[in-house]
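Input: a single structure, listed below in structure tokens.
Just so you know, all these numbers are worked out from the coordinates, no wet-lab data involved. Just so we're clear, the structure is a prediction, and the values are computed from it rather than from any experiment. Glycine gets a Cβ as well: all are built from the backbone with ideal geometry, and neighbour counts include every protein chain shown.
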Amino acid sequence: MEKLGKQTVRFNTPPSILECSSIVGPKEGQGPLAKYFDKCLTDEFWGEKTWEKAESKIIKENVTSVINKSGIPTNEIDCCFAGDLLNQCISSSFGIRDLQIPYFGIFGACSTFVEALSLGAICVEGFAKNVLCATSSHFCSAEKQFRFPLELGNQRPPTSQWTVTGSGSSIISKSGTGPFITHITTGKIVDMGISDANNMGAAMAPAFADTLVTHFLDTGRKPSYYDLILSGDLGYIGKDIAIDLLNNKGYNIKNNYKDCGVLIFDKENQDTHSGGSGPACCASVFSGYIFKELKAKKINRLLFIATGALMNSMSVQQGETIPSIAHAVSIEV
């Protein structure tokens, strides 16, 4: 590994993303990316008694799926990085507890998947041969914890985003034919004073812009270097803000920039307002759709930046603003 600039690491022997898997809920299964996911559920409970148990089952089954697809025995996976939105990351720890894989529970809110890829790549460049990365989220469990009981039927403002039900997972390896993680740029916490938990895009867009500019400065690259710049889940509002912020800094990303929160739902027909969010948003879009595009060489150079709002239900009730983060991985075929 080699440090570039302030926040970027270049891998001299880039780790390979060996395999990916994705499971999504019923609403995501009715969206425009449905055919790319490994499994689309028809029931938010998936046979369980609670939404939280269902989310643990989703990540458990998805991790089992990616291990089976990779052909690597469980005992040859050196460690696992996983996280979710529920208190103390119980979906991940309960879902993965039976696998007996050395486990790092991590939290980066909606940025967790790229955080896992970053840490996993560092481990593969060091001591590990194979690393498992996974995240999950569930619309019902997230709404219950962060906002209001679903039974109240509260009206959601136009700026709100729909937490994705699902899970995305990948295995990073020393061996393999790619795509390869060539660089990671670790984000800084950015807080621009947004305190509205129903306007996550506005809160997270400045962090996305900060990490993106830092990546370009550290690597000497320009937006045109990448076939696709993909943000985690800024949604429609956050995406527009990010484009404006970067234009003001002299970077035009409009022609090759997409957002996972925009891609996963049909805004007009699915009533998701500003788009998707949650750790499973970017994880399932990458694991289900983008990874297949990389393998087919329809995308050869990808800058994948996931954003996260580092708040909890208590901080919002106490009137705190929302500190945000964005982590980036450069992935090349």
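Summary of computed values
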| quantity | calculated |
| --- | --- |
| Packing-based exposure ordering (other Cβ within 10 Å, fewest first) of 111, 170, 195, 160 | 195, 160, 170, 111 |
| Packing-based exposure ordering (other Cβ within 10 Å, fewest first) of 210, 271 | 271, 210 |
| Computed magnitude of the charge dipole of the chain (debye, nearest 20; Cβ of K, R +1, Cβ of D, E -1) | 800 debye |
| Cross-link table 188/267; 258/292; 6/298; 60/174; 27/298; 60/129, entries beyond 20 Å C-alpha to C-alpha | 188/267; 6/298; 60/174; 27/298; 60/129 |
| Using alpha carbons only: equivalent-ellipsoid semi-axes of the chain, gyration tensor based, whole Å | 26, 25, 18 |
| P(r) histogram, all alpha-carbon pairs of the range 26-73 included - 10 Å bins from 0, percent | 25, 45, 28, 2 |
| Residue order, fewest to most surrounding Cβ atoms within 10 angstrom, among 51, 162 | 51, 162 |
| Over the range 180-332, relative contact order from alpha-carbon pairs under 8 Å, at least 6 apart, % | 38 percent |
| Within the chain, helix-based [θ] at 222 nm, where runs of 4 or more DSSP H residues each add -39,500 (n - 2.57), nearest 500 | -9500 deg cm²/dmol |
| Positive-end residue of 232, 173, 203, charge dipole of the chain with Cβ unit charges | 173 |
| Mean separation of Cα contacts under 8 Å (6+ apart) over length of the chain, as relative contact order % | 25 percent |
| Residue (of 280, 310, 214) at the positive-pole extreme of the range 180-332, dipole from beta-carbon charges | 214 |
